[in-house]
1. Would you order B:81, A:17, B:45, A:147 from fewest to most other beta-carbon atoms within 10 Å of each residue's own beta-carbon?
2. Can you compute the modelled spin-label distance between residue A:67 and residue B:171, with each label point 7 Å from Cα toward Cβ, in nm?
3. For B:227, B:136, what's the fewest-to-most ordering of other Cβ within 10 Å of each Cβ?
4. Going by how many other Cβ atoms sit within 10 Å of their own, how do A:190, B:46 line up, fewest first?
5. With each pseudo-label sitting 7 Å past Cα toward Cβ, what's the residue A:193-residue A:18 distance in nm, one decimal?
6. Once you have the Cα-Cα distance between residue A:59 and residue A:215, take 0.36 nm times their residue separation minus that, and quote the gain in nm to one decimal.
7. Starting from the coordinates of the alpha-carbon atoms of chain A, obtain the Kirkwood hydrodynamic radius over all distinct pairs and give the value in Å to one decimal.
8. Please check: in the Gaussian network model of chain A (C-alpha springs, under 10 Å), which one of A:215, A:193, A:146 has the largest mean-square fluctuation.
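Please treat every number below as a calculation from the coordinates, not as lab data. The structure displayed is predicted, hence computed values, not measured ones. Reconstructed Cβ throughout: ideal geometry from the backbone, glycine too, with neighbour counts over all protein chains shown.
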Ligand SMILES: Nc1ncnc2c1ncn2[C@@H]1O[C@H](COP(=O)(O)OP(=O)(O)OP(=O)(O)O)[C@@H](O)[C@H]1O
Ligand SMILES: [Mg+2]
């Protein structure tokens, strides 16, 4: 019991004193997952909105595919990206394996379906509400999309945040494609796995604190967003 | 002056394998206020929406008169249930102008005037979802009037309004009619229909039962159904 308390105290000290390794790892984590969230949003938000307002034959299939992709285990995504970018793989010449870029790519694949799906849901609801008005006012296609994106902006931010939250806590894929290389591809989750394995609980706990802090921050932001959203609706 | 505006030729709307309106044949002239009346579910909303082009007609045809092109091109529709945008009252009313490329400042100025005109006396900065039922209807009316429509559809525009607001709205509609706006509306308020209508389209079970000038309709309705409806009896 005392050991645990001491470990917690030492971990807290690492956080408070801004331990250099800890900061480096945190920054890389943020860089990778924010990058993935930005790229995932750039693809997922328009895709979700597009699916919500357009009727085309393959629409149902695309939505089913999106939902299936959402359930894809990160380890499998990691494996696929690994095979693609490995030296003998089709994209091996790019030499991206074990770089932060490969980690971003893997996370984009994991979170884009989530972002697109949340955006799709939100925009579909809004479109159902606005449909008659926009048709009656003869809003052009781009005007409709602009209106829906703008009025649905809170829900869309929620989608992006949800994607980021999924990315920052993800370990399976980035472990495989990043390799958890010190000072190169080590991020919060992979470092925790490593330090725990080594029995270095101080560092593992310190990293855990940061990760929990980030998770709480994301959830708080989600909560505030959904509350303002609801507050404005009822 | 437009004598004929639109003619419906055996228009029928089917939904889910069931005929919900029609077959209806009727003509509407190019002036005044036409009042669609009839019990709940008679097909008033469906008829108005079909005329506005919001509902797909299953069979039959809607012929718009050549001279009525101006009317047809400048339509507005006030829905039975106001459609609320997730915006402030001011920006909701300004929205149609924004779609037509009017700058934000100018559009908001016009929106404030329109709110004033329909008697919407609330803080225009607040979200439309916080308006009362009647205030929402006034917002929707202001949003329609800001386009200065030549042809205005109103689906029970004063269903949630108090007596004074109803009269204010009626004055506004009278004013627009006097300026040449063609109005097609529905109401369950028989007093309002008497005060406003130039002619009445009485519907029941999706059929057109009677179409007559207002005076004739209210003094001597021809059909049993209209007689019963006007007396407040059950319409069979
Ligand atoms: N999309 C639809 N699918 C199936 N039935 C429909 C649809 N739209 C309307 N109906 C039916 O058509 C009939 C006419 O509806 P409508 O809304 O036009 O009536 P209304 O005269 O406006 O009634 P109210 O006075 O209650 O507003 C109703 O019985 C309604 O249930
Ligand atoms: Mg109706």
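1. A:17, B:81, B:45, A:147
2. 5.5 nm
3. B:227, B:136
4. B:46, A:190
5. For the pair residue A:193/residue A:18, the computed spacing is 3.0 nm.
6. Details: separation 156, 0.36 × 156 = 56.16 nm, distance 3.36 nm.
Contour length minus the Cα-Cα distance gives 52.8 nm.
7. Values: mean 1/r = 0.0514 Å⁻¹.
The answer is 19.5 Å.
8. A:146
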